[in-house]
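Colleague: Dropping the structure in here first, questions after.
Please treat every number below as a calculation from the coordinates, not as lab data. This structure is a prediction, so every number in the text was calculated from the model and none was measured. Reconstructed Cβ throughout: ideal geometry from the backbone, glycine too, with neighbour counts over all protein chains shown.
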Amino acid sequence: MTSRIMSAIAFSLLAIGATTGALGLLVWNDEVMVLGILLLAAAAPPFIIEQTRRANCVTAVQLAAAHNAGYHLALDHVARGLLDQHTAPCPHPGSRAPFEQAAGNVIHIRPLRSKRQEWKAL
């Protein structure tokens, strides 16, 4: 409830401030233009608070979608052998083991073709 009230107040302050500032600029009245700028400055904190609150609120649909995406990512990692590898750690950190050696230690997973092998096959 307070979210809707704060949003309405911020929007009305923004509209009144922009109109007052533009009117003061058009008629060359400095006091009216300064009043419009002050109203625009007063509208900024409620807008920032409301947008921060909206960014932090998560709906049940968004939570379910994130859970589903994480589940599919975990299945993809298992299918690629990223979570269940029986390979020994590399003796030289920063270097990669040859493809045949890494694929030979994983018994129950079919190795995927890399993009280089796909291009060579074409």
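Colleague: What number comes out for the charge environment of SER12, summing +1 per Lys or Arg and -1 per Asp or Glu over other residues with Cβ under 14 Å away?
Modeller: Result for the local shell: 0.
Colleague: Note the full-extension length gain between ASN68 and PHE11 as 0.36 nm times their separation in residues minus their Cα-Cα distance, in nm to one decimal.
Modeller: 16.9 nm
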